[in-house]
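Here's the structure we're looking at; comments come further down.
The values are calculated or read from the model by the stated rules, or taken from the named source; none is laboratory data. None of these values were measured; they are calculated from a predicted model. Neighbour counts are summed over all protein chains in view; Cβ atoms, including those assigned to glycine, are modelled from backbone coordinates with ideal geometry. Keep in mind that these areas ignore ligands, DNA and RNA; they rest on the heavy atoms of the full protein, side chains included. Shrake-Rupley method; radii C 1.70, N 1.55, O 1.52, S 1.80 Å.
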Amino acid sequence: MLKRPAAAALCSTLVLSFAAAPAAQPPVAATVIRAGRLLDPEAGRILANQIILVEGNRIRDVGPNVAIPAGAQVIDLSRMTVMPGLVDAHNHLALTYKPEPENNVYYYTYVQESTALRAIQAASNGMQMLSSGFTIVRDMGNNGNYADTALRQAIEQGWIPGPTIINSGLIIGGMGGQFFPTPEMAKEHNIVYPEYLDADTPDEIVKAVRQNVLFGARVIKICVDCKPYGYTADEIRLFVREAAKVGMKVEGHVQTVNGARNAIEAGIWSIAHSTGLNEEMHTLMAQKGIWRAGTDTPDTLAGHPVSPQAYQRTVASLKDAYAKKVPLTFSTDADYYVAGKTRGEVCLEFLKTWKDAAIPNADILRAITINGYKVSQTETTRGPIKAGYIADLIAVPGNPLDDIEALKTVQFVMKDGLVFKRDGVMTPAAFFHGGPVNGWRIR
Ligand SMILES: [Zn+2]
């Protein structure tokens, strides 16, 4: 009986105190970027002297005459080209195989490096990617026991800077995945597993997709034809249906024409690698609007030689895909160490293949930005420099429409409205927190 009036009194006190303090909310920090040139990759054009207003983690306004709020931090990029962040549509941040001690055989990397160690390496690789301007990375498996989910969560929670991670969890394939395990290995699942999730029957396919969803995947990755029997079009349809229940898409690792045919027939979202993609497959992919993540390896990576014949095939395939209007993404599969280069610098070396395929700079820029947002399913929230979008953007000297090499000299990076790199130097202090700042319950 006594509590009721006391509670009522408390309520009215609270109402009064709120009414007396309407400005209790802290003002949203505003940042204004003066862009000498602003690249719109969709239109393939540059707009001069634009102002970008960022409030909190979002772009509020863009244009030549945006009003600058009092007290706003002004960043002068009037000598730069500001542009949307880059996307690598196929990488593996928790895997770096190297000459020592494993002689570049990643089978041994799995044996020697724990998931925990690889997660820390993934955090470092993520920062290296961000420093080169990659604000989104699709991380397509081979990350130990869900190190990719841990990386995504740590970045989303605000513990560390990094690209937005669209991760696949474990790659699903027939027993052994991309490997041919010994019976001992396969039976106990304690060597080279958990790199792969076995799924050889319809029940196992459903269960494997659900396991990845439960453990934080954002996309499903399957081995279409890593085994001689591979998956039929019907089996791939089952993956696609099961993933679609939670709005996820399916990427297929494809290495044979037969595998490509089955994946295309099943209406897969994206195909990784180009070895199975001949002219007929490109025609079918263009008809169905299937993304090509060709992972088009250049011939200039020290310690990772590509034969002239193999490189010519890669270039010819990319050229054919472009001519046939296959939807193209910039994708690297760069999951190895190249002496003297960061992970981001290694990825940008892949521009050489696109140049050698004679793809116009405007279309390379579309592939590495807009198409990347689309294949990552972020195109309505993150990517374009437009009002309402999350504030990810980068700046380079020069004009990448004239010289695509300009992408290799990223001087400025903003991620989620925070400055990560300025005047060519990483300045990540604003990203580090002792605890989650964006919600702990992120799966
Ligand atoms: Zn890969």
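Principal-axis analysis of the Cα atoms of the chain puts helix 233-244 at an angle of about 10° to the longest axis. Label sites at Val206 and Leu47, each approximated as a point 7 angstrom past Cα along Cα to Cβ, lie 5.0 nm apart.
What 222 nm value per residue comes from the helices of the chain, counting each DSSP H run with n ≥ 4 as -39,500 (n - 2.57) and dividing by all residues, nearest 500 deg cm²/dmol? Kindly include the intermediate steps, with their values, before the conclusion.
Numbers: 14 runs with 146 residues, N = 443.
Computed ellipticity for the chain at 222 nm equals -10000 deg cm²/dmol.
To check you understand DSSP bridge types, tell me what percent of the beta bridges within the chain (both residues inside) are antiparallel, rounded to 5. DSSP beta bridges in the chain are roughly 45 percent antiparallel.
Note on region 343-392 and region 103-156: Cα centroid distance 21 Å, given to the nearest whole angstrom. What angle, in degrees between 0 and 90 and rounded to the nearest 10, separates the Cα long axis of helix 3-20 from the longest principal axis of the Cα atoms of the chain? Approximately 90 degrees, to the nearest ten.
Across region 51-60, computed HN-Hα scalar couplings (Karplus, 6.51 cos²θ - 1.76 cosθ + 1.60, θ = phi - 60°) run 10, 10, 9, 10, 10, x, 9, 10, 7, 9 Hz from first to last residue, x flagging Gly and Pro. Between the helical axis of 147-157 and the longest alpha-carbon principal axis of the chain there is an angle of about 10 degrees.
Report D for the chain in µm² per second (integer): Stokes-Einstein, Kirkwood Rh on Cα pairs, 37 °C, 0.692 mPa s. Walk me through the numbers on the way to the answer.
Values: Rh = 23.0 Å.
Answer, rounded: 143 µm²/s.
With all protein chains in place and a 1.4 Å probe, the accessible surface of region 132-237 carries 59 percent carbon and sulfur. Distance between the 7 Å Cα→Cβ label points at Val257 and Ala116: 5.0 nm.
Only the Cβ atoms of Lys and Arg (+1) and of Asp and Glu (-1) were treated as charged; on that basis the dipole of region 87-215 about its Cα centre amounts to roughly 320 debye. Along the positive direction of the dipole of the chain (beta-carbon charges: Lys, Arg +1; Asp, Glu -1; about the Cα centre), which of Asn190, Gly247, Gly177 reaches farthest? Positive-most Cα among the choices belongs to Gly247. Note that region 346-443 presents 41 Å² accessible area per residue, ligands and nucleic acids not counted, probe 1.4 Å.
Each peptide in 349-362, 200-213 receives the mean, over its residues, of other Cβ atoms within 10 Å, and ordering these scores from highest gives 349-362, 200-213.
Once you order the gyration tensor axes a ≥ b ≥ c over the Cα atoms, which shape class does region 171-285 get: rounded for a/c under 1.5, otherwise prolate or oblate by comparing a/b with b/c? Since a/c reaches 1.5 but b/c is at least a/b, the shape of region 171-285 is classed as oblate. Summary of the geometry: region 417-438 and region 201-236, compared by the centres of their Cα atoms, lie 37 Å apart.
By definition, a body whose alpha carbon gyration tensor gives a ≥ b ≥ c is oblate when a/c is 1.5 or more and a/b is not larger than b/c, and region 265-392 fits this oblate description.
Ordering Val111, Val82 from largest to smallest accessible area (1.4 angstrom probe), what's the sequence? Intermediate results must be reported in sequence, preceding the final value.
Details: Val111 85, Val82 0 Å².
Ranked list, largest accessible area first: Val111, Val82.
For region 287-443, the share of accessible area belonging to carbon and sulfur comes to 53 percent (1.4 Å probe, ligands and nucleic acids excluded).
Between Glu102 and Asp234, residue separation times 0.36 nm minus the direct Cα-Cα distance comes to 43.7 nm.
Charges only on Cβ, +1 for Lys and Arg, -1 for Asp and Glu: so what's the dipole of region 245-332 about the Cα centre, in debye to the nearest 20? Please list the in-between numbers first.
Working: 9 positive and 7 negative charges, 56 e Å.
Value, rounded to 20: 280 debye.
Under the convention that each Lys and Arg Cβ holds +1 and each Asp and Glu Cβ holds -1, the size of the dipole of region 345-411 around its Cα centre is about 260 debye. If R0 equals 35 Å, the separation of the Cβ atoms of Phe215 and Ala302 corresponds to a calculated FRET efficiency of about 0.45.
Label sites at Lys245 and Thr380, each approximated as a point 7 angstrom past Cα along Cα to Cβ, lie 2.3 nm apart.
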